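J.: Dumping the structure here so I can ask a few things about it.
The values are calculated or read from the model by the stated rules, or taken from the named source; none is laboratory data. Fair warning: this is a prediction, and the values are worked out from it, not measured in the lab. For neighbour counting, all protein chains shown are included, and Cβ atoms are generated from backbone atoms with ideal geometry for every residue, glycine included.
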Amino acid sequence: MLEQKNPTVSVAGLQKRFGRVEAVSDVSFNVYPGEIFGLLGPNGAGKTTSIRMMMDIFRPDAGKISLWGGPLTEDKKQRIGYMPEERGLYKDEKLEPTLIFLATLKGLSSSEARKQLQPWLERLDLAAHRNKKLQELSKGMQQKAQLISTLVHNPDLIVVDEPFSGLDPVNTRMVKDILEEERDRGKTIIMSNHQMHQVEELCTRIVLINRGRSVLYGPVSEIKRNFAGNAVSVQGQGDFESLPGVLQVHRENGMWQIGLKPGTSPQEIFRALAVRDGFTVERFEISEPSLEDIFVQTVQDQGMPVKREKIRDEEEPVHA
């Protein structure tokens, strides 16, 4: 059990205000060795601010942050690999010297950095581009380069913000494999990602931050069980979005996955399908809601509209 281990990261009651704007008002969670932990939230929810307080980029106004049982020290910073959403590499410099330089900032000698770098360049198909300037690389290559800069010094805590941005399916699978390997080696991984199916695939536990507060926290499987009955699966034809009480509809594996609004029961949907014209139903079953359905429902319950296509933070970017 993860809870039997001491947490790598413990965050309790974080608060942060910028002038009149309360970016974070009450965020708490623990992250343990050997897990990929999902840090989720809609636009401006406070995710990035929370990460930056963990990284000591911002100081919290209130609350407590503990890494490896105490405050973040310079020595502990060497044990962290942080990949921000914004690419922070030097675009006018060549790839290999840039990565070596960044590794030396994490405590490696130049010779050790070069030695550690080679297998990563080979694995991520960047060895042939080592002498190119960063600006000459594609977005996907730049993303892989940034991942290398995050991992080359063998950190114990890995924080990745949108790690699959700009990657094609092959490279997305490669990065997933790398993150799972790091997890299996006992590393602590915090991942912020707006693709809910990827979070569901990789993360065992999550925290959902909305309006600066932790509103959902725990194992993904437990959260989904708690929301069971809030979704149905239907095989058939019809305008399912027009049914009363429907929150959202998407198609998955040949079935219509229908998320229900709070207070709407699966039986009400079944009765509506039976009496309305224009619907054919071959199969109907109560389903476990997807993490995306839960995300949308939880945020909308708090009075915030959510677009599936864009669930992003809009805070001031910091390059690292």
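J.: Could you list all residues from the stretch 255-294 that are closer than 29 Å to GLY41 by Cα, in a loop (DSSP other than H, G, I, E, B) and not polar (S, T, N, Q)?
T.: Answer for the stretch 255-294, where residues must be closer than 29 Å to GLY41 by Cα, in a loop (DSSP other than H, G, I, E, B) and not polar (S, T, N, Q): LYS261, PRO262, GLY263, GLU288, PRO289.
J.: As an exercise: evaluate LEU67 against (1) more than 25 Å from LEU105 (Cβ to Cβ); (2) at pLDDT 95 or above and give the number of the one condition it does not meet.
T.: (1)
J.: Okay, moving on. How many of the residues in the stretch 31-74 are surrounded by 24 or more Cβ atoms within 10 Å (Cβ to Cβ) and assigned to a loop (DSSP other than H, G, I, E, B)?
T.: Going through the stretch 31-74 one residue at a time, the tally reaches 4.
J.: Still on this model: State which residue pairs qualify: first residue under 10 Å from LEU95 (Cβ atoms) and inside the stretch 122-145, second residue aromatic (Phe, Trp, Tyr) and part of a loop (DSSP other than H, G, I, E, B) in any location, beta carbons under 7 Å apart, and separation of 6 or more residues or different chains.
T.: Listed pairs, sorted by first residue: LEU134/TYR90.
J.: Further question on the same structure: Looking only at the stretch 17-28, filter to residues that are under 21 Å from the mean Cα position of the chain (by Cα) and over 12 Å from LYS64 (Cβ atoms); which one of those is surrounded by the most Cβ atoms within 10 Å (Cβ to Cβ)?
T.: Of the residues in the stretch 17-28, the ones under 21 Å from the mean Cα position of the chain (by Cα) are 23-28.
Retained after the next criterion (residues that are over 12 Å from LYS64 (Cβ atoms)): 23-26.
Values: ALA23: 25, VAL24: 30, SER25: 18, ASP26: 18.
Within the stretch 17-28, the match that is surrounded by the most Cβ atoms within 10 Å (Cβ to Cβ) is VAL24.
J.: Name the residues in the stretch 59-87 that are within 21 Å of ASP156 (Cα to Cα), among the acidic types (Asp, Glu) and within 22 Å of the chain's Cα centre (by Cα), would you?
T.: GLU85
J.: Give me the residue from the stretch 128-153 that is touching a strand residue (DSSP E or B) at 6+ places or on another chain (Cβ under 7 Å) and hydrophobic (A, V, I, L, M, F, W, C) and, out of that set, surrounded by the fewest Cβ atoms within 10 Å (Cβ to Cβ).
T.: LEU151
J.: What pairs come out if I take residues in the stretch 70-91 that are over 24 Å from GLN195 (Cβ atoms) and pair them with residues that are assigned to a helix (DSSP H, G or I) whose C-beta lies under 6 Å away, six or more apart or interchain?
T.: TYR90/THR98; LYS91/LEU134; LYS91/GLN135
J.: Just checking, how many residues over the stretch 229-246 are surrounded by fewer than 18 Cβ atoms within 10 Å (Cβ to Cβ) and within 30 Å of PRO163 (Cα to Cα)?
T.: Of the residues in that region, 0 qualify.
J.: Could you please let me know if ASP125 is closer than 20 Å to VAL220 by Cα and either crowded, with 21+ Cβ neighbours inside 10 Å or touching a helix residue (DSSP H, G or I) at 6+ places or on another chain (Cβ under 8 Å) (or both)? Even if it seems obvious, please write down each step before you answer.
T.: Numbers: closer than 20 Å to VAL220 by Cα: no; either crowded, with 21+ Cβ neighbours inside 10 Å or touching a helix residue (DSSP H, G or I) at 6+ places or on another chain (Cβ under 8 Å) (or both): yes.
No: the conditions fail for ASP125.
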